[in-house]
Every structure is written in structure tokens, then in C-alpha cells.
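Chemist: Have a look at this one before I ask anything.
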Ligand SMILES: [Fe+2]
């Protein structure tokens, strides 16, 4: 059976609404977590009024929880950073909502502008810093919800003697992917 006959059998999906999946109330796949983050990013009324900037301590706010996931809103004034860490048992999606953040990993450093999303697996280690001159806001979906954020020695994610020192944290699913820009 070739793909042409498959198409003929399937017909027009819009004419057979019983074959369409009803939208789920809660995301359950990586693609759906990415989509959730994108929809929140696009709807500034959901989060803009909640953001606070605090120069003395890192500001964060739990925006939403659901079965098996949590959504956090974070702000970063210039110079603020997370320190090197991983996310324990959690995988996640990081989305920059406003401003610009710099992510450092064992592979190097990249600048994440507004709209960029990073997907990371359990055990992924990084450091996120606002190296820009303007405040930044980011959205973090963790699945399962973040229960542990082990900190790493700074030297593990920084160039040392001209080469990058590998981080000890396991990365069973490989490096994070940038899924949008
Ligand atoms: Fe992180």
C-alpha cells in the first residue's frame, strides 16, 4: 500500500470530526509542554502583571500546576544568574518571554532572545544568567514538578585552561534542543 492509497482511505480529516482528538485539558507530552509554554508566552495578559524585579534576591512565581507538571515565572535583573545546576528528576522547557538570557553548559554558551525555547531532559546541567543591560523574564515548565535543583561547582560549566570541563551530571537523552526562535 503506498501513501497515495493511504490518503484516499483517510480522506479529509476535517470531514470526519470523530477522528480528531479532543484537546487535552493538561499537556502530557514534550510537544504539548512546548505548546503550553508558547501559548502562555503569546498571551502577555496571563503573566505580565505578575512579574516583579528584585535586585536583592531571585524572584519567581508559580504560575500554574497540573498533574505531573509545574509552570514557573522567573525574572532576572541585569547580572542575576541561577548558578550552575541541574533539575533532579525533572525535564523541562525554558522559554524566554522578555529580554535576553545567556545559557552556559559544558558545550559552551548561547544567548537566548525573547521567544526562544530550550527543551532539556532529566539530568541536564546549565547556568542561566542575565548578561544584558535590560531585565529579562522567563517561563519554566518542569515535568515532573521541580523537587530538587542540585547546584554544581561553577568550574564544571566554565572554560578551564582553554577547554570546557565536562559536567558530571548524566544527560541520558542528549543535549537540550532549541525548538523555536
Ligand atoms: Fe535550570
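Derivation of every value follows stated rules applied to the coordinates shown; laboratory data play no part. Values in this document were obtained by computation on a predicted structure and should not be read as measured data. All Cβ positions, glycine included, derive from the backbone under ideal geometry; neighbour counts span all protein chains shown.
Chemist: Does residue 126 satisfy the criteria of being closer than 24 Å to residue 154 by Cα, surrounded by 16 or more Cβ atoms within 10 Å (Cβ to Cβ), in contact with a strand residue (DSSP E or B) (Cβ under 9 Å, 6 or more places away or on another chain) and free of Cβ contacts under 8 Å to residues at least 60 places away in the same chain?
Modeler: It is true that residue 126 is closer than 24 Å to residue 154 by Cα, surrounded by 16 or more Cβ atoms within 10 Å (Cβ to Cβ), in contact with a strand residue (DSSP E or B) (Cβ under 9 Å, 6 or more places away or on another chain) and free of Cβ contacts under 8 Å to residues at least 60 places away in the same chain.
Chemist: Can you name the condition, by its number, that residue 75 falls short on among (1) outside any loop (DSSP other than H, G, I, E, B); (2) under 21 Å from residue 147 (Cβ atoms); (3) in contact (Cβ under 8 Å) with a residue 60 or more places away in the chain?
Modeler: Only one criterion is unmet by residue 75, namely (2).
Chemist: Still on this model: Can you pull out the residues in region 78-100 that are more than 25 Å from residue 42 (Cα to Cα) and either within 9 Å of the ligand (Cβ to nearest atom) or in contact with a strand residue (DSSP E or B) (Cβ under 7 Å, 6 or more places away or on another chain) (or both)?
Modeler: Scanning region 78-100 gives 83, 84, 85, 86, 87.
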